[in-house]
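The values are calculated or read from the model by the stated rules, or taken from the named source; none is laboratory data. All values reported here derive from a predicted model rather than from experimental measurement. Cβ atoms come from the backbone with ideal geometry, glycine included; neighbour counts cover every protein chain shown. Ligands, DNA and RNA are excluded from the accessible area calculation, which covers all protein heavy atoms including side chains. Shrake-Rupley method; radii C 1.70, N 1.55, O 1.52, S 1.80 Å.
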Protein chains: 2
Amino acid sequence: MSITIKDVARQAGVSIATVSRIVNGQKGYGEKTKERVLKTIEELGYTPNAIARGLVGRETKSIGVLLPKLSGLFASKLLEGMEETARNEGYSLFVCHTDSKEDRAIQDLQVLKEKQVDGIIYASDQLSESQGQMLNSMVCPAVFVSTQSLTHPFPYVKVDDYQAACTGTRYLIEKGHKQIAFIGGSLEDPIAGKPRDEGFRKTMKDHHLKVEESLTAYGDFRFQSGKENFKNILKAEKPFTAVFAVSDEMAAGVLSEAYEQGISVPDDLAVLGYDNTMAAEMAIPPLTTIAQPLEEMGQKAVELILSIRENKGNINKNKIVKHRIIERKSVLERSKTKGLFL
Amino acid sequence: MSITIKDVARQAGVSIATVSRIVNGQKGYGEKTKERVLKTIEELGYTPNAIARGLVGRETKSIGVLLPKLSGLFASKLLEGMEETARNEGYSLFVCHTDSKEDRAIQDLQVLKEKQVDGIIYASDQLSESQGQMLNSMVCPAVFVSTQSLTHPFPYVKVDDYQAACTGTRYLIEKGHKQIAFIGGSLEDPIAGKPRDEGFRKTMKDHHLKVEESLTAYGDFRFQSGKENFKNILKAEKPFTAVFAVSDEMAAGVLSEAYEQGISVPDDLAVLGYDNTMAAEMAIPPLTTIAQPLEEMGQKAVELILSIRENKGNINKNKIVKHRIIERKSVLERSKTKGLFL
DNA sequence: TCCTTTTACGTAAACGTTTACTCTTTTTAA
DNA sequence: TTAAAAAGAGTAAACGTTTACGTAAAAGGA
């Protein structure tokens, strides 16, 4: 059995209320008492019980985080940002790996509710109807990061996917590329899939460029998906000089497949990524990519939770964070890259 | 204010003890009562309060995990394994990013103690003396994963680093390589640094091969470190045909530097990695590497915690898990690779 | 000096559960 | 039938805190 506030109180010859006040830095005790109690705490090695605190104070200083995938550079960078901020504010993080499975996410939400978390961060995945209902039924605030929901208007932190895709496409075009392949996310994904596709198409159109449908493909943001989709695109044997893959992992897949087929990047083909995870840095050649400020997003997400807890009456808290191009080595000017099937 | 067991009891016309028993699937109530209570629970949308449970039952169904770095493929894969097992056993994970900083780890341990976690997993980092003392003072079990401590004998789950390094070195030698560069971890690191170095040297010696000191370097397992160390090794201009880097990230670093210097892997040089994270898969060329079964290690670590909680009197619980070579494309036979400075 | 305010505590209730004891009532066994 | 056992349920104490309220003494003000 461990040392409780009672033991401290008895040993120091005061009431538990006094110990509590001292521990919590409130006032209502004399200087000598304080010192005596502090010494006793030290001697006994007393540690307050956060569970008991949580029960009476009705806050647990913990936040639940739902991530579709833990083992990737994207999620882990996001998590690092959240952890840093949470720590500084005295909060801990429960992490849940939903694997994009409906039932897992529901289970997670249920558990987090029972564990009385002070907030929930739902990251980079689509929200189903029943998840949305659960989220609504929670007493704690919930925010989205790197995603949002059209039907359930929780505050979110994300980049403007549409604009980011425009930026990327424009970058390629300004480098002189005209025939551009595109590997996007699922078009059924209204948050990260569709808007990027739209951004790409809109920008192409604005520059009077045609998008060749056999040069477009849609995957799931993963390495394998990038690799396979690029293989399919190559099968079409249509001319192109650049490919825009909307995640670094997919871009790495493109690089990998290109390598296998003896296609040299950037000499034969330009490749543009998206995210700016470490995958972009480690790639060969290092990937030029659209950066999402993942750590900042994680930080903002927990700040958002915290600010909602304070001003219960909150204004619209959505935060659009800025994307930007990180130029590395995978994109050259059109004139310096040969292109494929020309 | 949310619905409590009292509300359910009142509404259903029974005592809270009965509700509790029904919720927890114990016995001591009639079939009709059970149905009535269950219906009431459904209607009211009652959710048990795990904090209150934790207070009386003195278990919180949560486990704390300390990781030196969150944002890497290594940690996140490990985490994924832990999460999966924890979830299946009804546990949640608090993740803490120590950043290998003494004070952060101490703070984390303190918080986890206050939050009354049921176990602690200390991952892939060296344990300092004061951390060891804190760990000892915790009431819950603690285990190491992918590390261990010589001075604080907590149970651990890891591969045999010495043997794994032997395996890797032997693999290279069996492929006919004789002049092998080595990029290790810090020699001050008695767990993951020194043993791998020793395994490398021992195996070289056993095969009557000389290790050329200017072809060895020691880093911190990260990409940049691999890159820079390889650059230094090249400066020595000593002949060699293979390099063994003891993390995939560092191996990716050598690939990256090799690419910049126009060295072709595997045609000019063989590269062997360690870990088998996604970095190995995504690398160009895909890395042949020593696999650590990270997910399995994560799983075993939480299983270990759980089993210690049950049989309080526990035997020696250390678990050495098996490493193995994953052959991909970065190592060819000596006869097929040109080598450098020959 | 006397009254008022402040300081320094202590008491006890609450937070939402679980569970050891009760006490009936019903079932079982002989 | 009747005693014993089992089933069905309630009461209340505990878990370790925080905090509203009370009270006596000390300090302050005139």
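Take each residue in B:53-63, count the other chain C-beta atoms within 10 Å of its C-beta, and the mean is 3. Which shape class, rounded, prolate or oblate, goes with the range A:202-251 when its Cα gyration tensor gives a ≥ b ≥ c as root eigenvalues, a/c under 1.5 marks rounded, and past that a/b bigger than b/c marks prolate? Oblate shape, in that a/c is at least 1.5 and b/c is the bigger or equal ratio.
Multiplying the residue separation of B:Val23 and B:Asp160 by 0.36 nm and subtracting their alpha-carbon distance yields 44.8 nm.
Axis of helix B:194-206 versus longest Cα principal axis of chain B: the two differ by about 40°, to the nearest ten degrees.
Among A:Arg324, A:Arg53, B:Arg104, the order of accessible area from largest down is A:Arg324, A:Arg53, B:Arg104, computed with a 1.4 Å probe on protein heavy atoms. What separates the Cα centres of the range B:207-239 and the range A:185-215 is a distance of 46 Å. Angle of helix B:294-310 to the longest C-alpha principal axis of chain B, folded into 0 to 90 degrees and rounded to 10: 40°.
From the square roots a ≥ b ≥ c of the eigenvalues of the alpha-carbon gyration tensor of the range B:47-128, which class results: rounded (a/c under 1.5), prolate (a/b over b/c), or oblate? Since a/c reaches 1.5 but b/c is at least a/b, the shape of the range B:47-128 is classed as oblate.
Burial annotation for the range A:113-161: residues with an accessible-area loss of at least 10 Å² between the isolated chain and the complete set of protein chains, computed on heavy atoms with a 1.4 Å probe, are A:Lys113, A:Glu114, A:Lys115, A:Gln116, A:Val139.
B:His97 contributes about 10 Å² of solvent-accessible surface, heavy atoms of the protein only, 1.4 Å probe. Placing A:Glu83, B:Glu303, B:Glu310 in order of accessible area, with the largest value first and a 1.4 Å probe, yields B:Glu310, B:Glu303, A:Glu83.
Across the identical copies, the 7 Å label point of A:Lys34, projected outward along Cα→Cβ, sits 5.8 nm from its counterparts, in ascending order. Model label sites at B:Glu296 and B:Ser214, defined 7 Å from Cα along the beta-carbon direction, differ in position by 4.2 nm. Under the shape rule built on the C-alpha gyration tensor, where the axes satisfy a ≥ b ≥ c, chain B is prolate, since a/c reaches at least 1.5 and a/b is greater than b/c. Plainly put, the tip 7 Å out from Cα toward Cβ on B:Lys205 is 7.2 nm from that tip on each other copy, the closest given first.
Helix B:31-44 and the longest principal axis of the C-alpha atoms of chain B enclose an angle of approximately 70°. For the protein assembly as shown, the 222 nm mean residue ellipticity estimated from helices alone, with every DSSP H stretch of n ≥ 4 adding -39500 (n - 2.57) and the total spread over all residues, rounds to -13500 deg cm²/dmol. Note on B:Glu43 and A:Asp267: their simple-model spin labels are 7.8 nm apart, each label 7 Å out from Cα toward Cβ. Given +1 at the Cβ of Lys and Arg, -1 at the Cβ of Asp and Glu and no other charges, the dipole of the range B:51-135 around its Cα centre is 240 debye to the nearest 20.
Chain B and chain A together bury an accessible surface of about 5100 square angstrom, both sides counted, with a 1.4 Å probe and no ligands or nucleic acids included. Put the Cα centre of the range A:159-179 next to the Cα centre of the range B:12-79 and the gap is 50 Å. Expressed as a whole percent, the accessible surface of chain B that belongs to carbon and sulfur atoms is 49, based on a 1.4 Å probe. Shown are A:Ser71, A:Ser137, whose ranking by accessible area with a 1.4 Å probe and every protein chain present, most to least, is A:Ser137, A:Ser71. Here the extension length gained between A:Glu237 and A:Lys336 equals 33.6 nm, from 0.36 nm per residue of separation less the Cα-Cα distance.
The B:Glu198 and A:Lys329 beta-carbon pair, evaluated with R₀ = 45 Å, returns a calculated FRET efficiency of approximately 0.75.
B:Arg36: accessible area at probe 1.4 Å, nearest 10 Å²? For B:Arg36, solvent-accessible area is about 100 Å². Taking N as the residue count of the protein assembly as shown, its C-alpha radius of gyration divided by 2.2 N^0.38 Å amounts to 1.06.
Solvent exposure of B:Arg334, expressed as accessible area, is near 70 Å², computed with a probe of 1.4 Å over the protein chains only. Summary value for chain A: 17 percent relative contact order, contacts being C-alpha pairs under 8 angstrom separated by 6+ residues. Quick note on the range B:162-287: its Rg to Rh ratio, both from C-alpha atoms and Rh being the Kirkwood radius, is 0.92. Rounded to the nearest 20, the size of the Cβ-charge dipole of the range B:5-48 about its Cα centre is 180 debye, with Lys and Arg at +1 and Asp and Glu at -1. Rolling a 1.4 Å probe over the heavy atoms of the protein chains gives the protein assembly as shown an accessible area of 43 Å² per residue.
Think of each Lys and Arg Cβ as +1 and each Asp and Glu Cβ as -1; about the Cα centre, that makes the dipole of the protein assembly as shown roughly 1260 debye.
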